[in-house]
Every structure is written in structure tokens, then in C-alpha cells.
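Structure first, then comments.
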Amino acid sequence: MKPLSLLRAPRTLFARLIVILCVGLALAQALSFWVTMKERDQATINLMVGYIEREVVSSVALLDRMPAAERPQWLPRLARRSYDFILGPGITGNPPDARLSALVAASITEGIGTSYPLTVNAVPGDRERMQVHLQLSDGSPLTIDLRPMPGPPMSGWLPLALILQLAVLASCCWLAVRLATEPLHRLAQAADALGPSLKSERLPETGPSEVVRAARAFNAMQDRIALFIAERIQVLAAISHDLQTPITRMRLRLDTAEDSPQQARMLQDLQEMENLVKEGVAYARTLHGAAEVPCRIDPDALFDSLVFDYADAGQDVSLQGRIGTPLVTRPQALRRILGNLIDNALKFSGAAEIVVSPFENGQATISILDRGPGIPSDLLESVFEPFYRVESSRNRGTGGTGLGLAIARQLSLAMDADLSLQNRPDGGLEARLTLKNLE
Ligand SMILES: Nc1ncnc2c1ncn2[C@@H]1O[C@H](COP(=O)(O)OP(=O)(O)OP(=O)(O)O)[C@@H](O)[C@H]1O
Ligand SMILES: [Mg+2]
């Protein structure tokens, strides 16, 4: 595994922003904490060194001026938390190398070094310790025993306060990022919901100005698309309407003309033209979602009557299974979908079999089966495109416009159903419609 793959950016914008903001803020916080602590230590040391210098200078002057006999009883009074005085030569050793001791030594040398020549050495041990040796004016030795102390330790509540601060920052980040990404979610949802009926909900035009602008642009786009489609349907409807008159006129003329093979072919062409026009308008209508209102029906009665109609026309259509419960759906649309599928089965195999299975997990399936040639598996989705026809079916015997499946797919989308095709293992095609109750 490449080490870089561990550092892959999170997938969502939300996570990325959160990571950037939280890591950035935590680093900035750590840096400022470090700078503050450093500054505090420095200030404390300066304060302590200055204090020791002043005190030591006056104590040494005091001891120097008093009679030698009195000095021992003054020593405890002159001692401080970080140093005390010893009347004697003390311990000798190497010069101090610790930074703090060196600072203190330099400051004491500066304070009294000119009046009293002195030597400084470190005292080995657990703690940092040193001794300054000098001679008072009467020749008696004096040792200052120093234990320089670093700044006070960190208070116990400080880490807690820091964690709290980070938690507050993290929650603010989360809130801000959510505020920024939420409208994107809503936009994506609205765009997803923009189905064939173009009746998706409008985005609320409220909130920060950028969001309002995006929502307005989206709503306006939605309106424009609806307008374009409406215009196209009108054009299509107008053409189909106006074509109907010349077609009827031509048919009348042909009817009165002499019978000839030419005439029969022209009549057939006219019939195809009429079908094309009708199907075109129907497809445009389904696109625009001239959808009927769902109502409660007995689906089995609908299937029965469908099969009966076909049988009446001498077609071989059979029905198996029942749904058995009432169903809330769009009956016209359902009838049309099934009709188109059955027409295909009849056209390509001469017989259709309808197999209905009852509701299971809120879904009922209706399969239309045939024993025809089926569809090459890589074209099973393409045949749903308008005007798409598999090459082999482009012959007079199976003539059609190629809109049947496109219409069926649009209608099933509009009623929240799923329509798919698959080849049967032992030959033929299965068109499967999975229906939901629209309650
Ligand atoms: N049951 C089937 N068996 C084999 N091929 C099929 C079957 N159903 C559809 N097809 C293929 O899919 C193509 C598209 O079908 P669709 O129903 O959309 O158009 P069509 O039947 O050719 O024309 P229309 O339905 O508009 O009269 C068909 O031309 C055919 O090639
Ligand atoms: Mg068809």
C-alpha cells in the first residue's frame, strides 16, 4: 500500500471542510499556547533573576558591615526560598553549565563582582544547584548556596480549558460547514426529484444571499424546461392535428381510386403515418406528465378485461396469478404500459403470457413473457430510447415507430414503478413491471 493512499482526502465536501478547519484551528491553538507558555517562562525567569540580584547584593553588604560574631544569627533571616548563605568556603566544583544557573551567576557577578572577587561552581545532584564563593572585607569566606527555580508548573485546569476551547471551536466549525453544505444537498435533492413530470418541488428562496440566488436560478431553470417542453408538445400537437386532414383527404381519394397494388401500399403507408403521428403525441404527453390522478382499482379486473380485449381480437394472450388486493394506481397509464408490452410480445412472437404475483414487501410484479427472438443483452436498455428499434426488427412485418417502450418507461417512472427487460434462459423476452401502491 502506498503511504499516500492513507492520506486520501475524505469524499464529502462536509468532511473535507471539517478536516481543514479543525486541523487548522487546532494547530493555530497549539502554536499560540506554546508561544504563551514560552513567554511566561521567560518573564518569570527574568523576574526571579532580578530579584535574586537585588536581594543578594543588599544581604552581602549587610553581612559585610556587621561584626563577625553577629553574622551566624542573621543567616536564617537573610535566607530565601531559592538561596541561603553559608559562612565558610562551601563545596568547590566545575563552573555551572545549566542555562538558568549561568543566568543567575552572571547577574550576581554583575551586582557584587566588582566589590568582591567571586568564583561560581555547580553542585552535582538531582536538582539544579550552584554555589557562589567570595571573601568579605575582613577576609572571612562567604558562600551563597543557590537552587534556581524554573517558572511555576502548569495549572491542572489548563489542559481542561484547552480541550473545552477546542470543543467549542469544533462545534462552531461543524455548524458553519453544515450551514454551507445543506443548500447543496437540497439542490441535489430537488434536481434528482425533477422527473419526467417536471413537477418537482420548488426550492425555497430563503436564507443567505448566495443560496437564494442559486435557488432562484434553479427554479427559473425548472420553469424554462417546462416551458420548452410545453412548446414542443404544442408544435407536435399542431402538426399532428394539421396532418390528420390531408391524411384523411388522401385516404378518401385512394378509396375512390381504382383497386391496384399501388393503392394498397399507399393505404398502408398512410396508416403508418397516422400511427407515427398519434404515438408521437402520446409520447410527448407522457413526457409532460399529463398524468392522471391515482385511484383505487381492482387490478385483477383490469388484467382480466385487458386479456379479454385481446382474446376478442383473436390474439393469443394468457393470464396467470392474481394480485388479490385493491391497488391505488393510475389505471390508464398501467393499461397503456401493459398494452405496449403485450403488443411487443405479440408482434415479435405471436403470443403473450401475463404472470402476476401478489404484493411482497410492498411491491407487486407483473411479467409479460414471450417466446420470440429476445433482445441482444447489450441493447436491453437502448430499446427504451425513443425511436430505437433493434436492426433485425426493421421490416414490414414488425413495423412500428419505436416509441412503445419509451412511452411505457416514461409512464412507469411517473407512477414510481420499475420497468425492466430480460432475456429468458430458455428463449424469449420477459418484461417485468414492479408496482407500488401509490397510497
Ligand atoms: N418482446 C420483444 N421481443 C423482441 N424484441 C423486442 C420485444 N419488445 C421490444 N423489442 C425490440 O425493442 C424495440 C423497441 O420496442 P418498442 O416497443 O419501443 O418499439 P416498436 O415495438 O418497434 O414500435 P411501437 O411499439 O412504437 O409500435 C423493438 O423494435 C424491438 O426490436
Ligand atoms: Mg412496441
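The values are calculated or read from the model by the stated rules, or taken from the named source; none is laboratory data. Please read these numbers as outputs of a predicted model, since none were measured by experiment. Cβ coordinates were reconstructed from backbone atoms using ideal geometry, including for glycine residues, and neighbour counts include every protein chain displayed.
Side notes on the structure shown:
- Answer from 369, 405, 429 - the residue that is more than 34 Å from the chain's Cα centre (by Cα), at pLDDT 95 or above and within 12 Å of ligand 2 (Cβ to nearest atom): 429
- Pairing residues of the range 74-86 that are under 15 Å from residue 62 (Cβ atoms) with residues that are assigned to a loop (DSSP other than H, G, I, E, B), at Cβ distances under 8 Å and at least 6 apart in sequence or on separate chains, gives 74/66; 75/87; 83/147; 85/79.
- Residue 3 being modelled with pLDDT of 90 or more and out of contact with any helix residue (DSSP H, G or I) (no Cβ under 8 Å at 6 or more places or on another chain): no
- Residue match in the range 364-383 (condition: more than 16 Å from ligand 1 (Cβ to nearest atom) and in the same structural domain as residue 404 (by TED's automatic domain parsing)): yes
- Cross-chain or 6+ apart pairs with Cβ under 9 Å, the range 225-240 first and free of Cβ contacts under 8 Å to residues at least 60 places away in the same chain, then loosely packed, with under 13 Cβ neighbours inside 10 Å: 233/290
- Checking residue 387 against (1) of a type in the set (A, V, I, L, M, F, W, C); (2) under 30 Å from residue 300 (Cα atoms); (3) at pLDDT below 85, the condition it does not meet: (2)
Table: residues versus (1) more than 13 Å from ligand 1 (Cβ to nearest atom); (2) closer than 29 Å to residue 284 by Cβ; (3) modelled with pLDDT of 95 or more.
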position	(1), (2), (3)
332	yes, yes, no
343	no, yes, no
347	no, yes, no
361	yes, no, no
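- Residue 376 meets each of the listed conditions (1) under 24 Å from residue 193 (Cβ atoms); (2) surrounded by fewer than 21 Cβ atoms within 10 Å (Cβ to Cβ) apart from (1).
- So residue 316, is it charged (D, E, K, R), free of Cβ contacts under 8 Å to residues at least 40 places away in the same chain and touching a strand residue (DSSP E or B) at 6+ places or on another chain (Cβ under 8 Å): yes
- Residue 380 within 13 Å of ligand 2 (Cβ to nearest atom) and touching a residue at least 24 places away in the same chain (Cβ under 8 Å): no
- Among the candidates 76, 72, residue that is surrounded by fewer than 12 Cβ atoms within 10 Å (Cβ to Cβ), touching a Leu at 6+ places or on another chain (Cβ under 8 Å) and assigned to a helix (DSSP H, G or I): 72
- Here residue 331 meets each of (1) surrounded by fewer than 16 Cβ atoms within 10 Å (Cβ to Cβ); (2) in contact with a Cys (Cβ under 9 Å, 6 or more places away or on another chain) with one exception, condition (1).
- Residue 438 satisfies every condition listed in (1) in contact (Cβ under 8 Å) with a residue 60 or more places away in the chain; (2) not in a loop (DSSP other than H, G, I, E, B) except (2).
- Where residue 163 falls short, out of the listed (1) of a type in the set (Val, Ile, Thr); (2) surrounded by fewer than 11 Cβ atoms within 10 Å (Cβ to Cβ); (3) within 23 Å of residue 212 (Cβ to Cβ): (3)
- Of the residues making up the range 412-424, those that are more than 16 Å from ligand 2 (Cβ to nearest atom) and modelled with pLDDT under 95 number 6.
- Tabulated pairs, the range 338-352, first near ligand 2 (Cβ under 8 Å from one of its atoms), second in a helix (DSSP H, G or I) and polar (S, T, N, Q), C-beta under 9 angstrom, 6+ apart or interchain: 347/393; 347/398
- Residue list for the range 106-133, restricted to those being closer than 17 Å to residue 149 by Cα and of a type in the set (Gly, Ala, Ser): 106, 107, 122, 125
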